[in-house]
Number of protein chains: 2
Amino acid sequence: MVAHDLVFHHQQCHDCPIRHRAVCARCETDELARLEKIKYYRSFQAGQTVIWSGDKMDFVASVVSGIATLTQTMEDGRRQMVGMLLPSDFVGRPGRSNAAYDVTATTDLVMCCFRKKPFEDMMLETPHIGQRLLEMTLDELDAAREWMLLLGRKTAREKIASLMAIIARRDAALRATDGQGPLVFDLPLTREEMADYLGLTLETVSRQISALKRDGVIHLEGKRHIVVPDMDRLLEEAGDDSDGGFLV
Amino acid sequence: MVAHDLVFHHQQCHDCPIRHRAVCARCETDELARLEKIKYYRSFQAGQTVIWSGDKMDFVASVVSGIATLTQTMEDGRRQMVGMLLPSDFVGRPGRSNAAYDVTATTDLVMCCFRKKPFEDMMLETPHIGQRLLEMTLDELDAAREWMLLLGRKTAREKIASLMAIIARRDAALRATDGQGPLVFDLPLTREEMADYLGLTLETVSRQISALKRDGVIHLEGKRHIVVPDMDRLLEEAGDDSDGGFLV
DNA sequence: TGTCCAGCTTGATCTGCGTCAAGGCGATCT
DNA sequence: AGATCGCCTTGACGCAGATCAAGCTGGACA
């Protein structure tokens, strides 16, 4: 059964490697049949650009596997990441025909795309798709606002610690690691991408990672593999609201 | 006729001083009647807090007049504004019972509130309310992402110039000033609020405003009244993507 | 086995903005 | 008219993070 879950179904999709949300409707056959007809897959290699800001974008999509980023660039080349898309995340804006950001595959990437017009038609006739999309958009808005606090007010060290915590959390959620014990994950971003995420330079990122390592907040094996011996300590370094958690 | 326009109607509301969007449904009498029953008004004085982060929030609302801000605060007192609500803007999240941010009236403020539960019920039965809300949320997300670029990558001078441009634009939109000629407006924020908006200190805000004045980019009469002799010059200072405009 | 290169680290130095501190200005109250 | 208070400006100084520069490390390829 196909279940891309725009409504919180989590069945295994018959032709996708993972469960992903944000794509299909309640599992009612007619809807599914319609979705099947307008959906198609696209693959990208790490580093490839999915779409440039300003380009015509006649589809919406959800990430099946891999990671994509949204970035904005100023004329002089300064770049700021404004979105990170993990599996199940949604890109594209119904009711707009041009991309507002550069979308880039930072790892090998598979996306499940829907041609925009028929998707919009379906949204009109199937309210719960829109409802689910609203919910996801509100979540993204919350994430963006958390990110704004980070960019505007946190120190470099806090920024790095925050990023580690965010990645650890999302990684754990994806793998449904109910996880007690030391947290382990791989950084899916280069130092430069982290810098673009955090509003820093790659040198500062490197230095602060070294500092956190020196201070025992994280261990790293190789350049990408991170072990967090004590999540609470990390969250403290991140300057996050205590309680380690989710107000939501 | 009441028309708070969750669907782009712009009739004058019979009991509100201005046209505002984001509140009511297509002007079909039964819907209006229902909305009338669940709506009520609240007024706040400049400086009053509407709701604290974490508090129970059993309503959603739209701004009728005045300006409200959303801010996040770290334990040590560092603050970052994450949203600015002008008339017609919407606050509150269907499907969540606690506020995620401090909401504060920066000017005298009137809000049109709807008790949450009945509003949610209505959303379920009246899809276009949800559709309109999705549209507005996507707009806010775009604004948040623009804001992230500002926070992460712009210099203090660019930040100030950007803020002036944003306020000028929103002000013009509100007053439907189709406006050629020198742009004129009042700053609705104190220097400290601007600092919280921009991720700066109030001293830096003050210094950069003085600098822009010295360089003739803006003129100011008193401390709040701004005249922009050349909008293009201002946008250039803001480091915004040339074309002066809206990709949307 | 060497060499090449992208990604990363580390050092030295510079600078934009924060911090601390001292007033100025205008509105409101007495 | 003076006192008070919130808001704003300006100066002096210090530091976190940017910039510039050199070199490391590990994987791909010949």
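Brief remarks follow.
- Taking the stretch A:148-163 as the range and being part of a helix (DSSP H, G or I) and open to solvent by 20 Å² or more (accessible area, probe 1.4 Å) as the test, the residues that pass are A:Arg153, A:Ala156, A:Arg157, A:Glu158.
- Count of the stretch A:188-220 residues, restricted to those that are more than 15 Å from DNA strand D (Cβ to nearest atom) and within 28 Å of A:Thr104 (Cβ to Cβ), is 3.
- One residue alone among A:Ala68, A:Ala105, A:Ala143 is open to solvent by 20 Å² or more (accessible area, probe 1.4 Å), modelled with pLDDT of 95 or more and under 22 Å from A:Ala168 (Cα atoms), and that residue is A:Ala143.
One line per residue, one yes/no per condition, for (1) touching a strand residue (DSSP E or B) at 6+ places or on another chain (Cβ under 9 Å); (2) part of a helix (DSSP H, G or I); (3) more than 8 Å from chain B (Cβ to nearest Cβ):
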| position | (1), (2), (3) |
| --- | --- |
| A:Arg93 | yes, no, no |
| A:Arg96 | no, no, no |
| A:Thr107 | yes, no, yes |
| A:Cys112 | yes, no, yes |
| A:Lys117 | no, yes, yes |
| A:Glu120 | yes, yes, yes |
| A:Gly130 | no, yes, no |
| A:Leu134 | no, yes, no |
| A:Glu140 | yes, yes, no |
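- Answer residue from the stretch A:221-237, given it is within 12 Å of DNA strand D (Cβ to nearest atom) and open to solvent by less than 70 Å² (accessible area, probe 1.4 Å) and is nearest to A:Lys154 (Cα to Cα) among those: A:His225
- Scope the stretch B:35-65; condition open to solvent by 20 Å² or more (accessible area, probe 1.4 Å), within 14 Å of another protein chain (Cβ to nearest Cβ) and in a strand (DSSP E or B); matching residues: B:Lys56
- The residues on offer are B:Leu212, B:Leu183, B:Leu189, and the sole one that is open to solvent by less than 30 Å² (accessible area, probe 1.4 Å), more than 14 Å from DNA strand C (Cβ to nearest atom) and away from chain A (no Cβ under 14 Å) is B:Leu189.
- Filter result for B:Leu124 (at pLDDT below 90, in a helix (DSSP H, G or I) and within 13 Å of chain A (Cβ to nearest Cβ)): yes
- Any hit, the stretch A:192-199, residues being within 26 Å of A:Tyr40 (Cα to Cα) and either open to solvent by 10 Å² or more (accessible area, probe 1.4 Å) or more than 16 Å from DNA strand C (Cβ to nearest atom) (or both): no
- Residue in the stretch B:73-81 that is open to solvent by 20 Å² or more (accessible area, probe 1.4 Å), in the same structural domain as B:Lys117 (by TED's automatic domain parsing), out of contact with any Pro (no Cβ under 8 Å at 6 or more places or on another chain) and not in a loop (DSSP other than H, G, I, E, B) present: yes
- Just so you know, in the stretch B:68-117 the residues that are more than 19 Å from the chain's Cα centre (by Cα) and of a type in the set (D, E, K, R) include one that is nearest to B:Leu187 (Cα to Cα), and it is B:Arg78.
- With respect to (1) more than 7 Å from chain A (Cβ to nearest Cβ); (2) in contact with a helix residue (DSSP H, G or I) (Cβ under 9 Å, 6 or more places away or on another chain); (3) farther than 23 Å from B:Val82 by Cα, the lone exception for B:Leu150 is condition (3).
- Filtered by the rule that a residue be assigned to a helix (DSSP H, G or I) and over 22 Å from the mean Cα position of the chain (by Cα), the stretch B:188-218 gives B:Glu203, B:Thr204, B:Ser206, B:Arg207, B:Gln208, B:Ser210, B:Ala211, B:Leu212, B:Lys213, B:Arg214.
The values are calculated or read from the model by the stated rules, or taken from the named source; none is laboratory data. Here the structure is a predicted model, which means the values were calculated and not measured. Virtual Cβ from ideal backbone geometry, glycine too; neighbours counted across all protein chains shown. Just the protein is used for accessible areas: all its heavy atoms, side chains included, with ligands, DNA and RNA removed. Shrake-Rupley method; radii C 1.70, N 1.55, O 1.52, S 1.80 Å.
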